[in-house]
Amino acid sequence: MSLPASRRPQRITRRALRALATAVAMTVAGSTSALAAPVAPAATTDTAAGLREVMFVGNNWDGTADVINSRGDFAKIGRINVIPDKDQRLTEIYLNPIKLIYFLGIRNGPGEGHDQFVDDMYSTPDGTAMVVSRPSFADVVSIDLASGRINWRFPVSGYRSDHMTVSPDGTRVAVSASTSNTVHVLDIRTGKQLGSFKTGDKPHENVFTDGGRYLWNMSIGEVNTALDDPAWDWTKGDRRITVVDATTFKEVRVIDMRARLDAFGRKDLSDAVRPVAFTPDESKLYFQVSFFNGFLEYDLASDKITRAKTLPKNPATSEDRTTWVNDSRHHGMSMNATGDKLCIAGTMDDYATIVDRASLQEGPLVAASKPYWATVSGDGGSCVISESGADRVTAIDFATGRKVASVAVGDHPQRVRIAHVAADWTGPAAR
């Protein structure tokens, strides 16, 4: 692509700490589970390198990641404990007053009363390790998939880690550091920082484009205050897309969607860009924004928003914006490989739907409990959503728009990613 010019937290027992946590929740962005018994998979997807394609499902409040088939029945294969060092991390936090304030702020803000132990995950190219961001611990770790032990740990700047992305060649992982307005880019094998760059307020989604030449970051601004009325939009901070050269980490372009939305006649919409999806040729960007039950289309060549799609509201959803989690209304979208269908997670409206990209006509509304993410299955035929309110993932057929499978996972699943493990992997060895 060539760029255009133009449910179960520890209770807080001290009233003072509760007050401090509530105050800090205004500034932040958004027990160790036992290993589950392996489940024999119904289907396998082996690669020439002796690896098996799977999906990682991050159970945010559990501190675990389920590994499931990437297609077919989507059955569970095994489970990984992503916080084996929980006691050590909590000791460090409770001995540091500043870290403790932010830790409790995350719990009472984006964590909805829960600690956030896993946000995003990817596998290393050789399938031997999972790299995972852990918001409440403000770090990224690599976990050996055979032993369950930590290979390396990278503490991010500030006090919270968030969304990640991996480069097309699988060697670099980029992670958003929410409270320092920074994206760190790490060597996925060693955890060594290769570079970093500054973003708008509260960096969120990251995407590599042009074969890994560019790295895009979307900042969403402050999402944990109750100042959600449009009149208070100015309090949400600097929200913008930052594009950098992925080798030098020098800024190439900044896109402020406020001016583009105004020119398109949608001054009513927030400019906080949430999940995004590029067309296969990277000529168009589809994106969700805070508080909106729908999405927009942005043409990179003309530098203009060209279409908007408003999706149905659930009549049972309150219109009180302060009840919508982290300023979301819809959060999660993906596009199939041919680029003719979009999958949209209607988070606060409790459904997901497949949308025809040419006509923007939505298909059947598939009932789902607070769907938080959308990923394309390994065979490309389905969209896989995480139902964070029901502790399961559900697959929806791109062709028919109908649900084809649901699989129970851990507590509050969020990110779902395609990954690879050893062909005979069924879970870390018992210790």
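The values are calculated or read from the model by the stated rules, or taken from the named source; none is laboratory data. Remember, predicted model here, so these are calculated numbers, not experimental data. Reconstructed Cβ throughout: ideal geometry from the backbone, glycine too, with neighbour counts over all protein chains shown. Just so you know, the surface numbers come from the protein's heavy atoms only, side chains and all, with ligands and any DNA or RNA stripped out. Shrake-Rupley method; radii C 1.70, N 1.55, O 1.52, S 1.80 Å.
For the range 327-394, evaluate the Debye formula with one uniform point scatterer on each Cα (no solvent term) and list log10 I(q)/I(0) at q = 0.13, 0.27 Å⁻¹, rounded to two decimals.
Listed by q, the Debye log ratios stand at -0.31, -1.18.
Classify the range 183-302: rounded, prolate or oblate, from the alpha-carbon gyration tensor (a ≥ b ≥ c, eigenvalue square roots; a/c under 1.5 rounded; otherwise prolate if a/b is larger than b/c)?
Taking the square roots of the gyration eigenvalues as a ≥ b ≥ c, the range 183-302 is oblate.
Compare the Cα positions of 294, 131, 342 along the charge dipole of the chain (+1 at Cβ of Lys, Arg; -1 at Cβ of Asp, Glu; about the Cα centre) and return the one farthest towards the positive end.
131
Using only helices, what value at 222 nm comes out for the chain when you add -39,500 (n - 2.57) per DSSP H run of length 4 or more and divide by the total residues, to the nearest 500 deg cm²/dmol?
-2500 deg cm²/dmol
Taking the Cα centre of the range 125-218 as origin and charging only Cβ (+1 Lys, Arg; -1 Asp, Glu), how large is the dipole, in debye to the nearest 20?
The calculation lands at about 240 debye.
Once a ≥ b ≥ c are taken as the square roots of the eigenvalues of the Cα gyration tensor of the range 357-422, is the result rounded (a/c under 1.5), prolate (a/b larger than b/c) or oblate (a/b not larger than b/c)?
Oblate, because a/c is 1.5 or more while a/b does not exceed b/c.
What's the percent breakdown of Cα-Cα distances in the chain across 10 Å bins, shortest bin first?
Pairs per bin, as whole percents: 5, 23, 35, 28, 9, 1.
Can you pull the percent of the chain's accessible area that's carbon plus sulfur, 1.4 Å probe, other chains left in place?
Looking at the chain in its full context, I get 52 percent from C and S.
Per residue of the range 232-249, in order, report the coupling 6.51 cos²θ - 1.76 cosθ + 1.60 (Karplus, θ = phi - 60°) as ³J(HN,Hα) in whole Hz, putting x for Gly and Pro.
Along the range 232-249, the couplings run 9, 4, 5, 7, 7, x, 8, 10, 7, 9, 10, 10, 10, 5, 6, 9, 8, 6 Hz.
On alpha-carbon atoms, Rg over Rh for the range 239-345 using Kirkwood Rh?
Reported Rg/Rh (Cα atoms, Kirkwood Rh): 0.98.
For the range 148-246, what's the radius of gyration and Dmax over Cα atoms, in angstrom?
Rg then Dmax for the range 148-246, in Å: 14.6, 49.
If one computes the Cα centroid of the range 360-431 and of the range 184-224, what distance in Å separates the two points?
The range 360-431 and the range 184-224 have Cα centres spaced 24 Å from each other.
Give me the orientation-averaged projected area of the Cα convex hull of the range 96-150, in nm², one decimal.
Taking the Cα atoms of the range 96-150, their convex hull projects to 4.2 nm² on average.
At q = 0.09, 0.21 Å⁻¹, what log₁₀ I(q)/I(0) does a Debye calculation on the Cα points of the range 259-403 give, no solvent, two decimals?
-0.25, -1.33
Among the listed pairs 236/403; 99/250; 284/403; 202/267; 236/313; 202/341, which are separated by more than 32 Å between their Cα atoms?
Over 32 Å Cα-Cα: 236/403.
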